Structures are given as C-alpha cells and as structure tokens.
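Reading through the structure tokens given below for one structure.
The values are calculated or read from the model by the stated rules, or taken from the named source; none is laboratory data. These figures come from a predicted structure and were not determined experimentally. Neighbour counts are summed over all protein chains in view; Cβ atoms, including those assigned to glycine, are modelled from backbone coordinates with ideal geometry.
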Amino acid sequence: MRRKPLLALDEKSLREKEARFCSYGDTVHYSPVPKIFESCEGSFLYDNAGKEYLDLQMWYSAVNFGYRNPALIGALKAQLDKLPQLACQYLHPEKILLAEKLANECLRAFGVQGRIQFNVGGAQAVEDSLKLVRNETRKSLMFAFTGGYHGRTLGASEITSSYRYRRRFGHFSNRAHFVPFPYCYRCPYGKTLESCDYYCAKQFEALFETEYNSFWDPRAKESEFSAFYVEPVQATGGYIIPPPDYLKRIKKVLDERKILLVDDEIQMGFFRTGKFWALEHFGVTPNIVVFGKAMTNGLNPLSGVWAEERLISPQKFPPGSTHSTFSANPLGTAAALATLQWIEQRHYEKKVAESGAYFLKGLQELKKRHKTIGDVSGLGLALRIEVTEQDRWTPNKALADKIFEAGLAGGIPTARGPMGLVLDIGGHYKNVFTLAPSLEISRKEIDLAIETLDYLFKTCSAKLAS
C-alpha cells in the first residue's frame, strides 16, 4: 500500500538536520541508521517512500489496539473540540470516570479497594509508587529482579538492574538488591523446573533465615527492605514468563515479612498477555500496581498508579504529595477512557489467547527449521524468540542485530510483496526478539510475520557464516 509522501524535505536533508540538532541521548541511535517513518495504520508503519513495514513491537506495547484506531482517535478529536487543556489542579469528568474504571478493574482482579494517581509516563508513575512505599514504610531500600526494567529517571534507575543506566550519573546509594529472575531456559542456578522444586524461590526465602544475611532483624521482626518491584512477565529483560507458582511463593515470604509487592504492568497491562493485568495469571494480590503505555494506545502520554486504600487514602497521601503539570491531562484521560470502553467491547481474553496460541505455534515451527533459535515461548501476545548459535544455547547477539537491521532495511520478499519488519531486541544478553504485535493482528498478518522471520533467519545466518 503506497502512500504519497507528506514531507517537504527529502530524507538526506532530514538526516543532516537530525545529526546537527537532535540529542543522541535517547534510544534512536541504538540503530546505526535510524529509520524515518511517515505514516501508520493497523499493524503497519510506512516510510516516506510509502514502503510498508509489519510492526511486531507496536511501540514497546504502547499501541496494543492498532495504529490510527478510528474509535480512539475519534474520542481524542472530540476532546480537542471540547476541553483540550486544563490545569491538573482542577477536575474534569474523564479523569473521574477513568479512575473509577481502573479502580474497579483492580477490585475485580484482586478483590481490594483502592485509588488511582495519574502521571504522564511509566517512569514517573514508578516514582509516584516509590513515594507511596516510602511514605508507608519510611524506608528506601527495595528488592527488584535481575533483568528488570522500571524506567530511567533517577529513582526508577535504582530499581532497574542494568548498571549502564546509572553509570554516568554518580553513586546510587539506594540501589535495589537484585534477586535472580526465574529464567528457566537459562536458570541462574543451573537447575531444571522438572526437578528443582522452586529452588530459586527457596533462595529468596533463605535471605531472611539469619540477621547476618543483612535483610532481617529477628528480634524486632523487621526487614530493612520495604517493597519488591515485580514485572509478572519480564519485559525488556526478554519477555520471560516465570514458572506457575513462583510469584505465589515469593508473595508468601513478603507477607510474612511485611514487605510490599509493587506490580509493574507498564508493558504487560491492558491484555498484552490475555488478561487485563498480567499478574492475574499467577494468583497473586499486589499492594500497588503501576501502569501506562497502552492505556491511551500511544495517543497521549498518561500513566498511573493504583494502590490499596491504606496506602493512598486522603489521610495517608494528602494533597500535594506528588504533582506533575501534565498529570491527568484531559486529552490523555479522554483517550484512556475511550481505550477502556473499546476493551469492554472486544472480548480480548479469548481473542488474545487464540491469536497468541496461533502465533506461538508458528514460532515453534520456525524453531524446528532454524538451529539458531534456542527458545520460543509466550503468554498471550507477549512472545519471545531467543537467538543463539547453532547449539541452541550460546547467545548470538550478532545475528539478532543483523536480523533487526535487515528488517528495517525492508525489501523482504513475501507473498504480499516487498516488506519491512519492525522488531525489538531485549533479553539479558540482548539476543531476544520480544514480540508485541497489535492485539488486533489477523491470522494473515501472523502468517506474514512468520514468513518474514523465516526469510531473515535464513539469509542473515548465511551472511554471518560466509
């Protein structure tokens, strides 16, 4: 589907201006030749020549419900004509109704009454959650997982395990204690799920056996740590799914030690995994939930925190406890309210389960054809491909990078015609394709994804081998 270019400048001129005037401090230049896109629709992006690219990462799962979704764009346009701007110190109906819907989703999922605090981005919502934790416990030390990602603000960097996000910015005295994530394909303890009896969970429990492990005072019966930040399915870390009972075992330890559980749903919330909240798959009740991204389908920045009443009541978290100029902005709340209304009509639990199973079956067939695929798995439409050497074990970052760049270069021959493929690379060794397609993806588009991946694995492996 070719589209008439809208840009007044050619690509060469734009690249020259970008090189001169844009900071390289964001993630654009992770790619040696960043792609310039001009339009989008459904599951596809289009460059300024009208060439199409099937998007399998949908803005890191921010656009769960398809690009240019007309129902959601219509709500945003209507809000532009009615109340496009309002200081967050005032109320507007969309904020109140959105908070009600989100609080009721948490009540339905977890059986606990709570309230909603809005902000503008995932990391900012994490910052608000840290305030709630510290306000309740008066402590600043947290648990988090290796491979976990919670944002790049200073506070969120403390609970994000990658040192490279902190290295340039001085000493982080409140850096979390990072617990090994239950990454069964690459078990950090060298165990197998069939015989380990949740050895990893027992190792966490063992931290509290003696005061000399530094986590627990048995006389005061008090931990120095205040909360555990958890992604139910690890996102940037490689879309890793924990074994079924792991989080239940961890939650039991936390409850016994009066340590809060903060559920980070920023990338996995809003039916990415086939449930409204990913944590619902694991039968665990959080104290705090952090969310964002897909709440507005990427149309306007908005994020939020749900916390149980005892942590966020007006008495416990009074006016002025947190603030952002653009929190609860009316364009964001209108888009989010329309998104939740869209969700109510779409039966995503069934739809995502079926599409995810179909996609995963295709990935399993792909693995059989390519020895450089070590592992595939998925929960709903959060899917992963671990790229390895032919031993199906040794991480192969070079091949993952080669496939990523070849996808963006476009021109992949398919039954639909020449095609590009938009992927994202994550994982502990930066060798995992984390697939987050639109929840509206069709079976024909899934087949197209498998076709393009098959071609890329074949051709890129051959080029690296030669």
**OP:** Quick one: count up the residues across the stretch 282-310 that are farther than 22 Å from residue 87 by Cα and of a type in the set (Gly, Ala, Ser).
**Re:** 3
Original post:
Counting only residues that are exposed (fewer than 13 other Cβ atoms within 10 Å of the Cβ) and under 18 Å from residue 87 (Cβ atoms), how many does the stretch 311-327 have?
Top reply: 4
Original post:
Looking at the stretch 391-432, which of the residues that are part of a strand (DSSP E or B) and touching a helix residue (DSSP H, G or I) at 6+ places or on another chain (Cβ under 7 Å) is nearest to residue 372 (Cα to Cα)?
Top reply: 425
Subject >> Candidate set: the stretch 217-230, residues that are buried (at least 20 other Cβ atoms within 10 Å of the Cβ) and of a type outside the set (Gly, Ala, Ser); chosen: the one farthest from residue 284 (Cα to Cα) >> reply: 225
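Return the residue satisfying two criteria in turn: it lies in the stretch 195-247 and is assigned to a helix (DSSP H, G or I) and hydrophobic (A, V, I, L, M, F, W, C), and of such residues it is nearest to residue 269 (Cα to Cα).
247
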Original post:
For the stretch 192-201, which residues satisfy the criterion of being over 27 Å from the mean Cα position of the chain (by Cα) and not hydroxyl-bearing (Ser, Thr, Tyr)?
Top reply: 194, 196, 197
**OP:** For the stretch 238-269, enumerate the residues that are within 23 Å of residue 309 (Cβ to Cβ) and in contact (Cβ under 8 Å) with a residue 60 or more places away in the chain.
**Re:** 259, 260, 262, 264, 266
**OP:** Would you check if residue 282 is under 25 Å from residue 375 (Cα atoms), among the aromatic types (Phe, Trp, Tyr) and assigned by TED's automatic domain parsing to the domain that holds residue 111?
**Re:** yes
Original post:
Considering the stretch 134-170 alone, what residues qualify as being under 14 Å from residue 225 (Cα atoms), assigned to a helix (DSSP H, G or I) and of a type outside the set (Asp, Glu)?
Top reply: 134, 135, 137
Original post:
Out of all the residues in the stretch 139-165, which are basic (Lys, Arg) and either without any contact (Cβ under 8 Å) to a residue 40 or more places away in the chain or over 18 Å from residue 177 (Cα atoms) (or both)?
Top reply: 152, 164
Original post:
Got a sec? Which of 105, 94 is out of contact with any Leu (no Cβ under 6 Å at 6 or more places or on another chain), in a helix (DSSP H, G or I) and buried (at least 19 other Cβ atoms within 10 Å of the Cβ)?
Top reply: 105
**OP:** Return only the number of the condition from (1) touching a Leu at 6+ places or on another chain (Cβ under 7 Å); (2) under 20 Å from residue 271 (Cβ atoms); (3) not acidic (Asp, Glu) that residue 346 does not satisfy.
**Re:** (1)
Original post:
Does at least one position in the stretch 373-395 carry a residue that is outside the structural domain of residue 128 (by TED's automatic domain parsing), in contact (Cβ under 8 Å) with a residue 40 or more places away in the chain and either farther than 30 Å from residue 460 by Cα or loosely packed, with under 14 Cβ neighbours inside 10 Å (or both)?
Top reply: no
Subject >> Qualifying residues in the stretch 21-66 (those that are of a type in the set (Gly, Ala, Ser) and assigned to a strand (DSSP E or B)) - the one nearest to the chain's Cα centre (by Cα) >> reply: 42
Original post:
Has the stretch 290-301 got at least one residue that is surrounded by fewer than 24 Cβ atoms within 10 Å (Cβ to Cβ), touching a His at 6+ places or on another chain (Cβ under 8 Å), at pLDDT 95 or above and assigned by TED's automatic domain parsing to the domain that holds residue 335?
Top reply: no
Subject >> Every pair of residues 6+ apart whose Cβ atoms lie under 6 Å, when the first sits in the stretch 195-221 and is without any contact (Cβ under 8 Å) to a residue 12 or more places away in the chain and farther than 17 Å from residue 181 by Cβ while the second is aromatic (Phe, Trp, Tyr) and surrounded by fewer than 11 Cβ atoms within 10 Å (Cβ to Cβ) >> reply: none
**OP:** Consider only pairs whose beta carbons are under 8 Å apart and that are at least six residues apart or on different chains; among these, list those whose first residue lies in the stretch 321-335 and is without any contact (Cβ under 8 Å) to a residue 40 or more places away in the chain and whose second residue is small (Gly, Ala, Ser) and part of a loop (DSSP other than H, G, I, E, B).
**Re:** none
Original post:
Which members of the stretch 171-194 meet the condition of being in contact with a Cys (Cβ under 9 Å, 6 or more places away or on another chain), assigned to a loop (DSSP other than H, G, I, E, B) and either of a type in the set (Val, Ile, Thr) or farther than 18 Å from residue 238 by Cβ (or both)?
Top reply: 191, 192
